[in-house]
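Here you go, one structure.
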Amino acid sequence: MNDCREIVLYFNNGSKLVPVDIAKSLSDRFKDLGNPLVLNPEGSSIQPLVVFRENASMMITMTQMTINMIIDGTYFDKMDTIIFDLVDLFNDMDIKFTKLGIVYSIFLSGKHKELVREKLLDSSIIPNDILEFNVAFYRQLGLKKEKINCWERLITNTEKFDDLLVQFDINTDTNPDRDINMKFIREFIKLADEYSEERIDF
């Protein structure tokens, strides 16, 4: 499996979202996306409004609550610019974001899976004959005066992949006055990069 990162931006409550206009703006700004699918769902705020799936290296799903972009290694070194371009694009439509999150999905070899399994089994409350594990824990990271939420997950699933999946879901609290500028984006990514690199050094 290939590593990926998911960028999640949360819309301010009451944002006026016009899916056709947003799809066109996204296509104009991100030429690699391909053609969009524009939907008109009723009811649920988590149903997709706009979907870009033609390019497996850069995909977007937008709901009434968030815009999510999944990228692979092709775009990791451009992530700060990508996030800034998303914020700027929606600023042009007078749509603000209140929260930023990044989910790192990192696949480590079977050797790491066995190492983590052995360390988990050191705990007397975990049975010795486990076949799979899905462990999650939460902590807060510091970014200047702000507390950043961090969920860390260690996952095995031999039906889908042979590796150890390590996920870091790192996000800010909701703040309607949040200024997601380039300086903040770069500091946020630096924090996420350094933390994830430290944590996968088993």
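The values are calculated or read from the model by the stated rules, or taken from the named source; none is laboratory data. None of these values were measured; they are calculated from a predicted model. Here the Cβ positions follow ideal geometry from the backbone for every residue, glycine too, while neighbour counts run over all protein chains shown. Protein only, heavy atoms only, side chains kept; ligands, DNA and RNA dropped before computing areas. Shrake-Rupley method; radii C 1.70, N 1.55, O 1.52, S 1.80 Å.
Got a sec? Which of 103, 87 is in contact (Cβ under 8 Å) with a residue 40 or more places away in the chain, aliphatic (A, V, I, L, M) and within 21 Å of residue 199 (Cα to Cα)?
103
Sticking with this structure for a sec: Say we look at the range 54-79 and pick out the residues that are open to solvent by 30 Å² or more (accessible area, probe 1.4 Å) and touching a residue at least 40 places away in the same chain (Cβ under 8 Å); which of these is farthest from the chain's Cα centre (by Cα)?
Result: 64.
If you don't mind, there's one more thing I want to ask. Of all the residues that make up the range 54-93, how many are closer than 24 Å to residue 191 by Cα and part of a loop (DSSP other than H, G, I, E, B)?
Matching residues across the range 54-93 total 1.
What about residue 51, is it open to solvent by less than 40 Å² (accessible area, probe 1.4 Å), over 26 Å from residue 175 (Cβ atoms) and assigned to a strand (DSSP E or B)?
yes
To keep it simple, each residue is scored yes or no on (1) closer than 23 Å to residue 79 by Cβ; (2) open to solvent by less than 50 Å² (accessible area, probe 1.4 Å).
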site: 135; (1), (2): no, yes
site: 147; (1), (2): yes, no
site: 156; (1), (2): no, yes
site: 159; (1), (2): no, no
site: 165; (1), (2): yes, yes
site: 169; (1), (2): yes, yes
site: 189; (1), (2): yes, yes
